[in-house]
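See below for the structure under consideration.
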Amino acid sequence: MNLPVPANDNIRPDQLLPLREACKIAFPLGGMTVSGLRREASRGHLAIMRIANKDFTTLRNIQEMGNLCRVVAEDLTSIGGMNVVKAEKPLPEQPGSLSTGASTLPRDALLAKIQRHRNA
């Protein structure tokens, strides 16, 4: 049996809420689960408080999480009929990469191959 979700007009932004209730209030149409909130907390995006082995957060913390998780749209520029994507900032190198030196771009590999053929 589904109980109605309480109106959040009587809940203060800094009132501690169990994660299950915070999900119902902050995401009334779904899309976020308790495990999703815990995952964001482990990533450092959501501040939670653990009391008696139970996790709590506030609506203000969820709003701050949303600001931290905001996706920046990429700027698409057209050059000679080709779309070039300009990223807002470069992606950090992923830990555990198999590459130990500087990575070789396909363009650099092709230029090196052409240079070898010219010198041969």
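The numbers here are math on the coordinates, done by the rules we state, and not lab data. These figures come from a predicted structure and were not determined experimentally. Glycine gets a Cβ as well: all are built from the backbone with ideal geometry, and neighbour counts include every protein chain shown.
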Which loop-located trypsin sites (Lys or Arg not before Pro) does region 32-74 contain, where loop means any DSSP state but H, G, I, E or B and the Cβ has at most 13 other Cβ atoms within 10 Å? Arg43, Arg70
Taking H placed 1.01 Å from N in the peptide plane, check which residues at least 5 places from Phe27 or on another chain put their amide H under 5 Å from its amide H. none
From the phi of every residue in region 47-63, what ³J(HN,Hα) in whole Hz does the Karplus formula 6.51 cos²θ - 1.76 cosθ + 1.60 yield, where θ is phi - 60° and glycine or proline is x? 8, 10, 10, 9, 10, 6, 6, 10, 9, 10, 8, 10, 5, 5, 4, 5, 5
Once phi for every residue in region 106-120 is put through the Karplus expression 6.51 cos²θ - 1.76 cosθ + 1.60 (θ = phi - 60°), the whole-Hz ³J(HN,Hα) values, with Gly and Pro written as x, are x, 5, 5, 5, 5, 4, 5, 5, 4, 5, 5, 5, 5, 7, 7
Explain nothing, just the number: relative contact order of region 8-75, from Cα pairs under 8 Å at least 6 residues apart, as a whole percent. 37
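Which value in Å is the Kirkwood Rh of region 21-73 over different Cα pairs?
Final number for the Kirkwood radius of region 21-73 is 11.5 Å.
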Which residues qualify? For Asp55, with a placed amide H closer than 5 Å and at least 5 residues away or on another chain, they are Leu19
